[in-house]
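Asks: Sharing a structure, written as structure tokens. Questions coming.
The values are calculated or read from the model by the stated rules, or taken from the named source; none is laboratory data. Note that this is a predicted model, so its numbers are computed, not measured. Cβ coordinates were reconstructed from backbone atoms using ideal geometry, including for glycine residues, and neighbour counts include every protein chain displayed. Just so you know, the surface numbers come from the protein's heavy atoms only, side chains and all, with ligands and any DNA or RNA stripped out. Shrake-Rupley method; radii C 1.70, N 1.55, O 1.52, S 1.80 Å.
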Amino acid sequence: MRAVVLHEHGDIENLTYHEDYADPECGEGQVVIRVKATSLNYHDVFTTKGMPGIKVPLPIVIGLDISGEIAEIGAGVSGWSVGDRVLVNPLDPITPEKGLMGEMLDGGTAELCVVDATRLIKIPDGCSYEQAAALPVAYGTAHRMMITNGRMKGGEKVLILGASGGVGSCCVLLAKAMGCEVVAAGASPEKLDALKAWGADHVIGYEDFEKTIYGIYGKPHRRKFEGGVDVVINFTGGDTWVPSLKATQRGGKILTCGATAGFDPKEDLRYIWTFELQVLGSNSWAIEDLETLMEMIAEEKLKPVIDTVLPLEQTAEGVRQLRDREVIGKIVITP
């Protein structure tokens, strides 16, 4: 089969395109998927470079988010048929210790992929392979952070940092779908234009962004529940962390699911206790998050933002675009 394989850690040139890589073998409790679409994530950049403390079993086929149709069914698998349209959960809900697809197990940048049947989720009519593949890591994480754990509700004022990427674009779409007033931050005119097109009520840059929030909503008051935003979504960390605290209304929430700009930012605990802020973390997603998102797509309540669709042989170029922050939305690979 054709496949893109990482043989050793390094830069994107270490992602090798093969015309005749070995087909996967279907074991007990497994199925073989004929891959129709795989979306890339910044996680693929980390996997390619190598991550401290994580020993990836090389060689590995990258790509965490996989959709396709069942091509072969192994012994002991019931409830599924050849030809069924399925989304693959990158993290097995039964045996999560096996690790992520595309990191500890061969992923989706190939024509075929062997998958434990416990990872399969049915794709409903009205949801395309590309749309389904855009969901797990980015959209599933956003849904869990905002709704499952963050318990956001309509009418809230929300500031979204990193709003033009995979997770951020979903945050914008979900917040608007539930009736929130959205302030979206972006780092370039092109990204700000995209954020406007997705429905953001206000688009802002990063320089002194807390002061920009003061200009829109007023400065948060430590004795009153006014000024600032109700919710800040911050999965960037780094230098954006303390300004996020400063931009949040008394009793408000900081929602986080990552730290792309630095995991050990300067902290100012005074804002957390003085303004009674809630800092809520979220890790990954659940099957229910992915099922809900696919139903929203089928009901035309959500349309994932897909920046680019590339053929399999251009996978390394897609990873490069992610690495260099050139992406607005998701990059999808189609074998």
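Asks: Are there any trypsin sites (Lys or Arg not before Pro) in the range 234-311 that are in a DSSP loop and have at most 11 other Cβ atoms within 10 Å? List them by number.
Replies: Details: sites: Lys246, Arg250, Lys253, Lys266, Arg270, Lys301; in loops: Lys266, Lys301.
In loop regions of the range 234-311 (DSSP not H, G, I, E or B), the sparsely surrounded trypsin sites (Lys or Arg not before Pro) are Lys266.
Asks: Let me ask another. As an exercise, use a Förster radius of 45 Å and the Cβ-Cβ distance of Ile287 and Ser188 to find the FRET efficiency, rounded to the nearest 0.05. Before the final figure, lay out each step's value.
Replies: Numbers: r = 36 Å, r/R0 = 0.79.
After rounding to 0.05, the efficiency reads 0.80.
Asks: Taking Cα centroids, how far is the range 128-202 from the range 247-319 in Å?
Replies: What the calculation gives is 8 Å, centre to centre.
Asks: Follow-up. Excluding same-chain residues fewer than 8 positions from Lys191, which lysines have a Cα within less than 16 Å of its Cα?
Replies: Reachable lysines: Lys330.
Asks: Given a 1.4 angstrom probe, I'd like the percentage of the accessible area of the range 185-335 that is carbon and sulfur, rounded to a whole number. Don't skip to the answer; put the middle values down first.
Replies: Details: 3590 of 7450 Å².
Carbon plus sulfur share of accessible area: 48 percent.
Asks: Continuing with the same structure: Per residue, how many Å² of accessible area does the chain show with a 1.4 Å probe? Walk me through the numbers before you get to the answer.
Replies: Details: 14250 Å² over 335 residues.
The answer is 43 Å² per residue.
Asks: Which of Ile94, Ile60, Ile70 moves most in a GNM of the chain, Cα contacts under 10 Å?
Replies: Ile94
Asks: At a 1.4 Å probe radius, carbon and sulfur cover how many percent of the accessible area of the range 1-90? Don't jump to the answer; show the numbers that get you there.
Replies: Details: 1890 of 4000 Å².
The C+S portion of the solvent-accessible surface of the range 1-90 is 47 percent.
Asks: Here is a further query. Using the Cα atoms of the range 272-319, I'd like the radius of gyration and the largest Cα-Cα distance, Dmax, both in angstrom.
Replies: Cα only, the range 272-319: 18.0, 54 Å (Rg, Dmax).
Asks: When only C-alpha pairs under 8 Å and at least 6 residues apart count, what is the relative contact order of the chain, in percent? Don't skip to the end; give the middle numbers.
Replies: Values: 821 pairs, mean separation 62.2, N = 335.
After rounding, I find 19 percent.
Asks: Binning at 10 angstrom from zero up to the longest distance, how are the C-alpha pair distances of the chain distributed in percent?
Replies: All Cα pairs considered, the percentages come to 6, 26, 32, 22, 10, 3, 0.
Asks: In whole Å, what are the Cα extents of the range 244-332 along the three principal axes, biggest one first?
Replies: For the range 244-332, the Cα spread along each principal axis is 52, 34, 21 Å.
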